[in-house]
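Heads up: the structure comes next, in C-alpha coordinates.
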Amino acid sequence: MKRVDLILDTDNELNIANGDFVLDESKEQDIHLILVSHEGAWKQSPLLGVGLNKNLSQPFDKNPFLKGRILKQLEYDDIELERLDILDSMIKI
(Lines give C-alpha, C1' and ligand atoms only; values in the text may rest on other atoms or scores of the structure.)
Protein backbone atom coordinates (compact mmCIF):
# COMPACT_ATOMS: atom_id res chain seq x y z
CA MET A 1 0.00 0.00 0.00
CA LYS A 2 1.37 3.39 -0.98
CA ARG A 3 1.42 5.92 1.85
CA VAL A 4 0.88 9.53 0.73
CA ASP A 5 1.17 12.44 3.14
CA LEU A 6 2.50 15.95 3.53
CA ILE A 7 6.26 15.96 3.01
CA LEU A 8 8.69 17.71 5.35
CA ASP A 9 11.96 19.34 4.33
CA THR A 10 15.35 18.64 5.94
CA ASP A 11 14.48 21.01 8.82
CA ASN A 12 11.23 19.12 9.50
CA GLU A 13 9.19 22.06 8.19
CA LEU A 14 6.32 21.63 5.74
CA ASN A 15 7.67 21.41 2.20
CA ILE A 16 5.94 23.99 -0.02
CA ALA A 17 6.28 24.23 -3.80
CA ASN A 18 4.43 26.61 -6.11
CA GLY A 19 2.48 27.98 -3.14
CA ASP A 20 1.07 24.61 -2.10
CA PHE A 21 1.98 21.78 0.25
CA VAL A 22 3.98 18.95 -1.28
CA LEU A 23 2.27 15.55 -1.16
CA ASP A 24 4.25 12.41 -1.95
CA GLU A 25 5.00 8.86 -0.85
CA SER A 26 5.77 9.09 2.88
CA LYS A 27 6.76 5.64 4.16
CA GLU A 28 10.44 6.57 4.69
CA GLN A 29 9.49 9.86 6.32
CA ASP A 30 6.98 8.10 8.60
CA ILE A 31 9.61 5.56 9.68
CA HIS A 32 12.13 8.32 10.39
CA LEU A 33 9.64 10.30 12.49
CA ILE A 34 8.67 7.23 14.52
CA LEU A 35 12.32 6.37 15.18
CA VAL A 36 13.32 9.82 16.41
CA SER A 37 10.15 10.82 18.29
CA HIS A 38 9.47 9.88 21.90
CA GLU A 39 6.36 8.38 23.46
CA GLY A 40 3.91 11.18 24.09
CA ALA A 41 5.00 13.28 21.11
CA TRP A 42 1.97 12.27 19.02
CA LYS A 43 -1.30 13.47 20.55
CA GLN A 44 -3.41 10.99 18.58
CA SER A 45 -1.03 8.08 19.38
CA PRO A 46 0.62 8.77 22.75
CA LEU A 47 2.42 5.40 22.88
CA LEU A 48 4.06 5.85 19.46
CA GLY A 49 7.79 6.64 19.28
CA VAL A 50 11.14 4.89 19.72
CA GLY A 51 13.24 7.86 20.90
CA LEU A 52 16.51 6.78 19.31
CA ASN A 53 18.43 9.76 20.69
CA LYS A 54 17.96 8.47 24.24
CA ASN A 55 19.89 5.35 23.15
CA LEU A 56 22.99 7.25 22.02
CA SER A 57 25.00 6.36 25.12
CA GLN A 58 25.53 2.82 23.80
CA PRO A 59 25.83 1.30 20.33
CA PHE A 60 22.47 0.38 18.81
CA ASP A 61 23.46 -3.29 18.48
CA LYS A 62 24.16 -3.52 22.24
CA ASN A 63 20.54 -2.77 23.15
CA PRO A 64 18.77 -6.16 23.27
CA PHE A 65 15.29 -4.59 23.17
CA LEU A 66 15.76 -2.06 20.37
CA LYS A 67 14.87 -4.28 17.40
CA GLY A 68 11.67 -5.51 19.03
CA ARG A 69 10.74 -1.97 20.06
CA ILE A 70 11.26 -0.65 16.54
CA LEU A 71 9.21 -3.45 14.99
CA LYS A 72 6.39 -2.96 17.51
CA GLN A 73 6.29 0.82 17.02
CA LEU A 74 6.20 0.49 13.23
CA GLU A 75 3.46 -2.12 13.57
CA TYR A 76 1.37 0.45 15.49
CA ASP A 77 1.46 2.60 12.34
CA ASP A 78 0.78 -0.34 9.98
CA ILE A 79 4.29 -0.25 8.48
CA GLU A 80 5.67 -3.58 7.33
CA LEU A 81 9.40 -3.98 6.72
CA GLU A 82 11.18 -6.29 4.33
CA ARG A 83 14.26 -6.20 6.57
CA LEU A 84 15.67 -4.50 9.64
CA ASP A 85 19.38 -4.62 10.44
CA ILE A 86 20.75 -2.99 13.57
CA LEU A 87 24.45 -2.23 13.38
CA ASP A 88 26.80 -0.47 15.79
CA SER A 89 25.74 3.09 14.92
CA MET A 90 23.24 2.58 12.11
CA ILE A 91 19.82 1.11 11.50
CA LYS A 92 19.24 -0.21 7.97
CA ILE A 93 15.67 -0.65 6.82
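What single numbered condition from (1) farther than 15 Å from TYR76 by Cα; (2) at pLDDT 95 or above; (3) among the charged types (D, E, K, R) fails to hold for ASP11?
(2)
How many residues are of a type in the set (D, E, K, R) and either over 20 Å from LEU52 (Cα atoms) or touching a strand residue (DSSP E or B) at 6+ places or on another chain (Cβ under 6 Å) (or both) if we restrict to segment 16-34?
Just the residues of segment 16-34 that are of a type in the set (D, E, K, R), to begin with: 20, 24-25, 27-28, 30.
Applying the additional criterion that residues be either over 20 Å from LEU52 (Cα atoms) or touching a strand residue (DSSP E or B) at 6+ places or on another chain (Cβ under 6 Å) (or both) yields 20, 24-25.
The total comes to 3.
Restrict the check to segment 43-50 and report whether at least one residue is assigned to a loop (DSSP other than H, G, I, E, B), surrounded by 10 or more Cβ atoms within 10 Å (Cβ to Cβ) and in contact with a Phe, Trp or Tyr (Cβ under 6 Å, 6 or more places away or on another chain).
Taking segment 43-50 and keeping what is assigned to a loop (DSSP other than H, G, I, E, B), we get 43-50.
If we keep only those that are surrounded by 10 or more Cβ atoms within 10 Å (Cβ to Cβ) too, we end up with 45-50.
Imposing the further condition that a residue be in contact with a Phe, Trp or Tyr (Cβ under 6 Å, 6 or more places away or on another chain) reduces the set to 48.
Within segment 43-50, one or more residues are assigned to a loop (DSSP other than H, G, I, E, B), surrounded by 10 or more Cβ atoms within 10 Å (Cβ to Cβ) and in contact with a Phe, Trp or Tyr (Cβ under 6 Å, 6 or more places away or on another chain).
Given the structure, is LYS72 of a type outside the set (Ser, Thr, Tyr) and in a loop (DSSP other than H, G, I, E, B)? Let's see the steps before the verdict.
Details: of a type outside the set (Ser, Thr, Tyr): yes; in a loop (DSSP other than H, G, I, E, B): no.
Spelling it out, it is not the case that LYS72 is of a type outside the set (Ser, Thr, Tyr) and in a loop (DSSP other than H, G, I, E, B).
If you check PHE60 against the conditions, is it without any contact (Cβ under 8 Å) to a residue 24 or more places away in the chain and surrounded by 10 or more Cβ atoms within 10 Å (Cβ to Cβ)?
Here the answer is no, as PHE60 does not meet what is asked.
Quick one: what pairs do we get from segment 9-31, first residue touching a residue at least 40 places away in the same chain (Cβ under 8 Å), second surrounded by 12 or more Cβ atoms within 10 Å (Cβ to Cβ) and assigned to a loop (DSSP other than H, G, I, E, B), C-beta under 8 Å, 6+ apart or different chains?
From residues that are touching a residue at least 40 places away in the same chain (Cβ under 8 Å), the pairs are LYS27/ARG3; LYS27/ILE79; ASP30/ARG3; ASP30/ASP77; ASP30/ILE79; ILE31/ILE79; ILE31/ILE93.
What do you reckon, is ASP85 more than 18 Å from LYS2 (Cβ to Cβ), acidic (Asp, Glu), free of Cβ contacts under 8 Å to residues at least 24 places away in the same chain and in contact with a Lys or Arg (Cβ under 7 Å, 6 or more places away or on another chain)?
Details: more than 18 Å from LYS2 (Cβ to Cβ): yes; acidic (Asp, Glu): yes; free of Cβ contacts under 8 Å to residues at least 24 places away in the same chain: yes; in contact with a Lys or Arg (Cβ under 7 Å, 6 or more places away or on another chain): yes.
The answer is yes for ASP85.
Restricting attention to segment 4-36, and to residues there that are of a type in the set (Val, Ile, Thr) and in a loop (DSSP other than H, G, I, E, B), which single residue is surrounded by the most Cβ atoms within 10 Å (Cβ to Cβ)?
Just the residues of segment 4-36 that are of a type in the set (Val, Ile, Thr), to begin with: 4, 7, 10, 16, 22, 31, 34, 36.
Add one more test, that the residue is in a loop (DSSP other than H, G, I, E, B), and what stays is 7, 10, 22.
Numbers: ILE7: 16, THR10: 6, VAL22: 14.
Within segment 4-36, the match that is surrounded by the most Cβ atoms within 10 Å (Cβ to Cβ) is ILE7.
The values are calculated or read from the model by the stated rules, or taken from the named source; none is laboratory data. On a predicted model such as this, the values are computed, not experimentally measured, just so you know. Here the Cβ is made from the backbone with ideal geometry for all residues, glycine too, and neighbour counts use every protein chain on show.
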